[in-house]
1. With θ set to phi - 60°, apply the Karplus curve 6.51 cos²θ - 1.76 cosθ + 1.60 along region 644-650 and write out the HN-Hα couplings as whole Hz, x wherever there is a Gly or Pro.
2. With a ≥ b ≥ c the root eigenvalues of the C-alpha gyration tensor of region 515-656, is it rounded (a/c under 1.5), prolate (a/b larger than b/c) or oblate?
3. What's the long-distance tail for region 427-469, i.e. % of Cα pairs beyond 15 Å?
4. Taking amide hydrogens as modeled 1.01 Å from N in the peptide plane, which residues meet the under 5 Å criterion relative to Tyr388, leaving out close sequence neighbours?
5. In 20 Å bins starting at zero, report the fraction of Cα pairs in the chain per bin as a rounded %.
6. Of all DSSP beta bridges in the chain, what percent run antiparallel (nearest 5)?
7. Cut-off 18 Å, label point 7 angstrom out along Cα-to-Cβ of Trp230: give me the residues of region 245-264 whose amide nitrogen falls inside.
8. Can you tell me the FRET efficiency between Glu463 and Lys490 if r is taken as the Cβ-Cβ distance and R0 is 25 Å, rounded to the nearest 0.05?
Amino acid sequence: MSNVATQTYPPSDDMAANAHVNAAKYDAMYHASIADPEGFWLEQAQRIDWMKPFTKVKDVDFTFGQVKINWFADGALNVSANCIDRHLETRGDQTAIIWEPDSPDEEAQHISYRALHAQTCKMANILRDIGVDKGDRVIIYMPMIPEAAYAMLACARIGAIHSIVFAGFSPDALAARVQGSDAKVVITADYAPRGGKATPLKANADKALAGCDPSVKCLVVRRTGGDVAWNDARDVDYTALEKEASDTCAPEVMNAEDPLFILYTSGSTGQPKGVIRHTGGQLVALNWSMKNIYNVDPGDVFWAASDVGWVVGHSYICYGPLIHGNTTIVFEGKPVGTPDAGTFWRVISEHNVKSFFTAPTAFRAVKREDPKGEFVGKYDLSCLKQVYLAGERADPDTITWAQDQLKVPVVDHWWQTETGWSIAANPLGIEELPTKLGSPALPMPGYEVDILDEGGHPVAAGELGAIAIKLPLPPGTLPTLWNAEARFRKSYMTTFPGYYETGDAGMKDEDGYLYIMARTDDVINVAGHRLSTGAMEEVLAAHPDVAECAVIGVADALKGQMPLGFLCLNAGVNRDPDEIIAEVVKQVRDTIGPVAAFKTAVIVDRLPKTRSGKILRGTMVNIADGTAWKMPATIDDPVILDEITEALQSLGFAKA
């Protein structure tokens with residue numbers, strides 16, 4: 001482990017003074033959740049509203065060939081009622097959603113819980129009027145506007161299963177999800193403004209639906225009012241119907257194990273999988289996490305700067321904050337360019353954000369444009385008490401930069417689309433644990449995490465291995481994949497019997513802190529040594545001129561694989577590239593050692609990423625090695641792969 005990764009910061013005095021459970025009690029709480037999960041989750045389940053009380057907390061069977069993990073199975077409830085109705089008496093006039101438009105010149109909207117109830121009911125009634133019933137699937141292909149949240153909550157209200165497709169996805173990707181879920185309706189908008197551009201969502205939906213069942217309806221929200229083609233037999237104008245729709249709609253009684261939504265994985269690791277989230281366990285887990293992990297009380301403003309198309313948007317733009325009685329922000333813009341690198345700080349200051357959640361790639365984009373944090377000083381950020389990073393590895397340099405600029409705890413926490421909430425985190429709402437750079441800290445309740453070798457045996461502290469979670473998984477996690485039970489078992493439950501296979505590689509230290517180093521596919525073998533590309537990336541990112549980086553393993557006739565680095569530099573850096581490369585090569589040798597065999601790097605303008613910000617390392621490896629590859633459906637900008645190919649060819653790789 002590198003010296004950077006073992007830097008430790010003690011809890012802040014303010015956090016320690018305000019903690020409602022000390023570290024020893026947290027340790028006892030965690031172990032109770034493992035030893036007596038029924039007792040632990042029974043207590044948490046009593047904090048949400050049930051239409052029919054459950055009689056059994058846990059019903060599991062994961063003997064060979066069986067994977068059944070049910071929570072609160074005979075209880076009944078409604079997600080929409082828990083997120084809205086139960087707050088109306090005590091906080092009906094409190095702002096539920098703040099909508100921050102793409103352009104800072106467009107005024108933000110504040111939507112109260114009472115108004116959210118009315119708008120959700122209107123959307124629900126419109127969906128019912130066009131034929132949506134309990135159990136039907138509804139695709140949501142929307143910009144980051146309040147109607148996206150209305151659509152999610154309306155589906156939950158009437159018992160429909162929603163599947164959100166990120167607004168940046170292509171017509172082909174949309175069509176695949178319409179067909180894969182056998183959707184009855186697609187909810188979309190005319191256009192999706194973002195960063196000064198407008199994606200033609202309705203036109204994309206038209207192309208997608210041309211190859212789908214002609215009975216599928218298309219419900220259209222007028223975001224910009226721009227011209228769109230119209231099919232009277234299929235298209236429905238939501239904006240016109242909303243004016244006359246009833247604002248009352250009784251919530252459907254749903255079993256705790258009924259699917260709430262299908263969320264297809266981003267596809268950075270292969271063919272997208274349709275992850276299912278059940279109704280009851282999701283609400284129990286998210287409600288617990290809002291205070292205990294994110295340290296917000298009902299009424300506080302919480303901002304997850306993500307998109308409803310990703311798991312963060314499901315869990316922490318919509319359902320988590322609303323069930324807990326918080327104010328959530330729906331943000332249409334980008335971290336830079338709308339209009340500058342101070343966008344995050346402006347929104348936090350203007351809307352009194354207490355807890356902020358974003359991806360490391362967003363901070364790296366801000367840091368690249370404003371490495372000295374000059375925009376931070378232009379805003380009053382006294383409201384901000386903590387920051388959370390997830391979605392990819394948070395390199396220590398990014399965390400250090402954020403802590404230095406913002407003067408608040410910056411928490412790297414680790415979870416997946418499949419889990420829906422944190423596997424490992426620093427639970428600031430309980431007790432701030434010491435921060436170890438490079439680590440998301442300790443497992444959260446219900447997650448018993450082991451580091452395993454290829455034979456499925458736990459390894460010693462400090463040794464790299466596959467990260468796996470003992471079954472059963474806690475509430476809120478995936479019970480299966482949509483119409484793909486065999487793939488579910490093969491993908492997650494077969495490699496290590498009795499465990500959920502995360503697909504990530506990492507290690508634990510002597511204190512039990514986790515280190516997530518890479519996807520298991522990104523662990524490279526150099527002359528028989530298993531090495532983490534993530535550890536090398538930590539070293540590269542610590543160079544003062546480097547804004548962002550990636551390391552891949554390329555084929556080598558002698559050693560099997562050799563590491564190759566890609567460096568994106570901070571704005572304004574104009575040094576000799578060869579000098580910078582020589583410096584980072586030396587840094588890796590000095591920090592990790594000659595065993596890393598890190599000798600080659602190249603400077604590039606951009607890295608290829610999915611639209612959720614994940615670097616497409618696997619595609620880069622295929623290009624470098626000259627093996628067959630196909631364009632990832634979720635790539636943000638395909639042109640970047642041409643730039644990467646040219647850079648690789650300049651080094652003698654990517655041969656035709």
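The values are calculated or read from the model by the stated rules, or taken from the named source; none is laboratory data. Just so it is clear, the structure is predicted and the values come from calculations on it, not from any experiment. Positions of Cβ are generated from backbone atoms using ideal geometry, with glycine treated the same way; all protein chains shown enter the neighbour counts. The accessibility values were calculated without ligands, DNA or RNA, using every heavy atom of the protein model including side chains. Shrake-Rupley method; radii C 1.70, N 1.55, O 1.52, S 1.80 Å.
1. 5, 4, 4, 5, 5, 5, 5
2. On the way: a/c = 1.39, a/b = 1.08, b/c = 1.28.
Rounded.
3. 53
4. Residues meeting the criterion, in which the H sits 1.01 Å from N, are Phe356, Phe357, Thr358, Val411.
5. 19, 55, 25, 1
6. On the way: 58 of 96 bridges.
Bridges in the chain that DSSP calls antiparallel: roughly 60 percent.
7. Output list for this probe position: 245.
8. Working: r = 27 Å, r/R0 = 1.07.
Calculated value: 0.40.
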